[in-house]
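*Asks:* First the structure, then my questions, so here it is.
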């Protein structure tokens, strides 16, 4: 029952992220764990099961919904997105957008797969986002403090991967103990 609700909430989160584009990635980074905690509380999940629900929906919202949202922006609204980042439009935005769509679709499918399979997606998304954060830093050093270069997106490009990797590690340790 929680997965259909998650998809409905994903649409709401996508609308909220679109309405507040400078804060969208932050909304999604917070929405995932909150929904995971609510799902775990509903099931009275504890320990590894609780962590699994939080991680499941962190990946679903932050990677899945966020990836689709980023893909839509870079592919269909390239000029507007480039301006919000402080860049000139570029054909590379289409490639970034398609990478976003790929991560997004994989993130939306994550709740339907085994948690141990999420490490590859989390790792790939983390490399992508931490690399993007490096690009934002280089742009800031050159004086670019546009909202979608130096704002919330910069922080979530760092905090999102750290949260996913840390939570996966803690979950994996708890899950190993549960099955030992």
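*Asks:* Would it be correct to say that residue 89 is farther than 26 Å from residue 174 by Cβ, without any contact (Cβ under 8 Å) to a residue 60 or more places away in the chain and outside any helix (DSSP H, G or I)?
*Replies:* Yes; evaluated as a whole, the condition is true for this residue.
*Asks:* Look through 166, 83, 124, 133 and report the one residue that is out of contact with any helix residue (DSSP H, G or I) (no Cβ under 8 Å at 6 or more places or on another chain), modelled with pLDDT of 95 or more and either buried (at least 19 other Cβ atoms within 10 Å of the Cβ) or not in a loop (DSSP other than H, G, I, E, B) (or both). Quick ask: steps written out before the conclusion?
*Replies:* Values: 83 fails: modelled with pLDDT of 95 or more; 124 fails: out of contact with any helix residue (DSSP H, G or I) (no Cβ under 8 Å at 6 or more places or on another chain); 133 fails: out of contact with any helix residue (DSSP H, G or I) (no Cβ under 8 Å at 6 or more places or on another chain).
Step by step, each of 166, 83, 124, 133 is checked, and only 166 is out of contact with any helix residue (DSSP H, G or I) (no Cβ under 8 Å at 6 or more places or on another chain), modelled with pLDDT of 95 or more and either buried (at least 19 other Cβ atoms within 10 Å of the Cβ) or not in a loop (DSSP other than H, G, I, E, B) (or both).
*Asks:* Next question, about the same structure. Consider residue 145 against the criteria (1) surrounded by fewer than 19 Cβ atoms within 10 Å (Cβ to Cβ); (2) part of a helix (DSSP H, G or I): it satisfies all of them except one. Which criterion is unmet?
*Replies:* The number of the failed condition is (2).
*Asks:* Report the residue count in segment 107-121 for those that are assigned to a helix (DSSP H, G or I) and over 26 Å from residue 151 (Cβ atoms). Let's see the steps before the verdict.
*Replies:* The first filter runs over segment 107-121 and keeps only residues assigned to a helix (DSSP H, G or I), leaving 107-112, 115-121.
Now restrict to residues that are over 26 Å from residue 151 (Cβ atoms): 109-112, 115-120.
Adding up the residues that qualify gives 10.
*Asks:* If you check residue 153 against the conditions, is it in a helix (DSSP H, G or I), out of contact with any strand residue (DSSP E or B) (no Cβ under 6 Å at 6 or more places or on another chain) and free of Cβ contacts under 8 Å to residues at least 24 places away in the same chain? Don't jump to the end; show me each part of the working.
*Replies:* Numbers: in a helix (DSSP H, G or I): yes; out of contact with any strand residue (DSSP E or B) (no Cβ under 6 Å at 6 or more places or on another chain): yes; free of Cβ contacts under 8 Å to residues at least 24 places away in the same chain: no.
No, not satisfied.
*Asks:* I've got another one for you. Taking the conditions exactly as written (outside any helix (DSSP H, G or I) and surrounded by fewer than 20 Cβ atoms within 10 Å (Cβ to Cβ)), does residue 4 satisfy them or not?
*Replies:* Values: outside any helix (DSSP H, G or I): no; surrounded by fewer than 20 Cβ atoms within 10 Å (Cβ to Cβ): yes.
Considered against the rule, which asks whether it is outside any helix (DSSP H, G or I) and surrounded by fewer than 20 Cβ atoms within 10 Å (Cβ to Cβ), residue 4 comes out as no.
The values are calculated or read from the model by the stated rules, or taken from the named source; none is laboratory data. Since this is a predicted model, take the numbers as computed values, not measurements. All Cβ positions, even for glycine, are placed from backbone atoms using ideal geometry, and neighbour counts span all protein chains on display.
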